[in-house]
Amino acid sequence: MSESIKKFMFVNTKAPYGTVYALESLEVVLISAAFDQSVSLVFCDDGVFQIANNQNTEASGMKNFSPAYKALGDYDINKIYVETESLEERGLTLDNIMALTYEDEDDDWAEKPSIIPATRAELADLMDEQDVVISS
Amino acid sequence: MKFTLLINEGPYQHQASDTAYQFAKAALAKGHEIYRVFFYNDGVNNATRLAVPPQDDRNITENWAALAKEHELDMVVCIAAAQRRGMLDADEAGRQGKDADNIHPAFRISGLGQLVEGGIQADRLLTFGD
């Protein structure tokens, strides 16, 4: 389909509920998987709450779409960066984040973690390497 | 250079669409190419043909429509984001059993694949919004 592979990075900065940014960002990510590009995700600022464990939206009347993140591995999206400073600033640790995984086809389909903790400075370098950065 | 523009905020209450419009005009004047303008999130509201802003103010939708006509711009509104916000063209209104449509004919509705493809085809994808 495409003549070249580009590096796409989707940067999620907003809390999952209250606005539709998180859900609509996830929709772009899932579509992008169909284009055989190199896709990575970043969760930073309040965006880290998008992949927090044990989400329950029942009282708010909003749809809990967080189970969809678990499907990212099936779409070959397995570079999911979480900014460590953002976690720290919100009193969170990696234990509060969903243990997203993928099956590595080059390693007999072994299940491996998709979550990669990264510092603000490391993410700045990673963003510099991308062809397309889409943030919301 | 070939640009795709992504506009993520609605008209008048955010600067994104105005800034993108001024950028597009300036880039085209300098001989650059706009491969596509993609409207997402509340950005889809820029495509309403029913807005009636005061006459002494700019009409954002008509500005885009005029620029698109002059330069044959491909202006795409995300169908899922549009439907969520009550933005329908005549075909969609019929399909969804709604009694009205409101998308300006200068815009077309399509899927998110058009955004990703815009990112692949362009030299730069520029996001306008928060």
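List of remarks:
- FRET efficiency for B:ASP130 and A:ASN64, using Cβ-Cβ distance with R0 set to 25 Å, rounded to 0.05: 0.55
- Value of [θ]222 nm, deg cm²/dmol, for chain B, DSSP H segments ≥ 4, -39500 (n - 2.57) each, nearest 500: -10500 deg cm²/dmol
- Shielding score for B:124-130, defined as the mean number of other chain Cβ atoms within 10 Å: 3
- Inter-chain Cβ neighbour average for residues B:105-118, partner chain, 10 Å: 3
- Relative contact order [Cα under 8 Å, 6+ residues apart], segment B:1-129, whole percent: 36 percent
- Note on A:ASN56 and A:LYS112: the model spin-label points, each 7 Å out from Cα along the C-beta direction, lie 3.6 nm apart.
- Working from label points 7 Å from Cα in the Cα-to-Cβ sense, the A:THR19 to B:GLN15 distance is 1.6 nm.
- Shape class of segment A:7-135 from the alpha-carbon gyration tensor: rounded, with the ratio a/c of largest to smallest axis under 1.5.
- Residue-count net charge about A:ASP128 - beta-carbon cut-off 14 Å; Lys, Arg +1, Asp, Glu -1: -2
- Lys pairs under 26 Å by Cα in the protein assembly as shown, provided they are eight or more residues apart or on distinct chains: 22
- Other residues with beta-carbon under 14 Å from the beta-carbon of B:ARG84 carry, at +1 per Lys or Arg and -1 per Asp or Glu, a net charge of -1.
No value in this document is a laboratory result; all are computed from the given coordinates. Computed from a predicted model, the values in this text were never measured in an experiment. Using ideal geometry, Cβ is built from the backbone for each residue, glycine included, and neighbour counts are taken over all protein chains shown.
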